[in-house]
1. If you scan the range 39-89, which residues turn out to be in a strand (DSSP E or B), among the hydroxyl-bearing types (S, T, Y) and under 22 Å from T102 (Cα atoms)?
2. Is it the case, given these coordinates, that S34 is in a strand (DSSP E or B), over 13 Å from the mean Cα position of the chain (by Cα) and modelled with pLDDT under 95?
3. Of a type in the set (G, A, S), in a strand (DSSP E or B) and within 16 Å of the chain's Cα centre (by Cα) - does that describe any residue in the range 117-124?
4. Quick one: how many residues across the range 104-120 are open to solvent by 40 Å² or more (accessible area, probe 1.4 Å) and among the polar types (S, T, N, Q)?
5. Find the residue count for the range 126-141, including only residues that are closer than 20 Å to Y61 by Cβ and open to solvent by 30 Å² or more (accessible area, probe 1.4 Å).
6. Please work out which one of (1) out of contact with any Cys (no Cβ under 6 Å at 6 or more places or on another chain); (2) at negative phi; (3) not acidic (D, E) is the condition T100 fails and give its number.
7. Please go through the range 52-69 and pick out each residue that is open to solvent by 40 Å² or more (accessible area, probe 1.4 Å) and more than 18 Å from W39 (Cα to Cα).
8. Within the set of pairs 6+ apart or on separate chains, which have a first residue in the range 130-141 that is in contact (Cβ under 8 Å) with a residue 12 or more places away in the chain and over 8 Å from T109 (Cα atoms), a second that is assigned to a loop (DSSP other than H, G, I, E, B) and hydroxyl-bearing (S, T, Y), and C-beta atoms under 9 Å apart?
Amino acid sequence: ANFLVRTATTDTKKLSASGVSVGTTGNDLSHTGSTIQPWVGLTCANGANTDKALTDGTNFYITGPTGVFTISGLTGGVDGRVIRLYNSVAFALTISNDATSTAANRFLTLTGADITTTTQGAFTFVYSSTASRWIQVGNQT
């Protein structure tokens, strides 16, 4: 089967694969085997991190801070894009709810307020083009 895969917000590449099928109705896509989503570093700084640029990927481990820090938004939002953020540093991470960053890069949290994780916490977000926000769908703090 041949598919077009978006590798960046403006780039598509052809993918040929075996064990992959597309449903005859709707937009179903299925495959056999494993889906590999390697971890990618996301470097942050102490304090405020606004409009952080995401590279390609789904799983991001945070590096850099030597003190508490906040992320208020991420670039690279495309409808349905799923990302996971893992706080791999020894300092608390706060995710700002709908504040500070450019509107289309902001987060909407499940609490409607800022959320904080201690070391080794993780969050899952899905981008919504309808809301123009990263919507929190899970966390482990």
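1. Of everything in the range 39-89, those that are in a strand (DSSP E or B), among the hydroxyl-bearing types (S, T, Y) and under 22 Å from T102 (Cα atoms) turn out to be T43, T70.
2. no
3. yes
4. Result for the range 104-120: 5.
5. Qualifying residue count for the region: 5.
6. Going through (1) out of contact with any Cys (no Cβ under 6 Å at 6 or more places or on another chain); (2) at negative phi; (3) not acidic (D, E) one by one, T100 breaks only (2).
7. Hits for the range 52-69 are T66, V68.
8. Listed pairs, sorted by first residue: N139/T109; T141/T118.
The values are calculated or read from the model by the stated rules, or taken from the named source; none is laboratory data. Since this is a predicted model, take the numbers as computed values, not measurements. A quick note on method: Cβ atoms are made from the backbone with ideal geometry, for glycine too, and the neighbour counts reach across all protein chains shown. Keep in mind that these areas ignore ligands, DNA and RNA; they rest on the heavy atoms of the full protein, side chains included. Shrake-Rupley method; radii C 1.70, N 1.55, O 1.52, S 1.80 Å.
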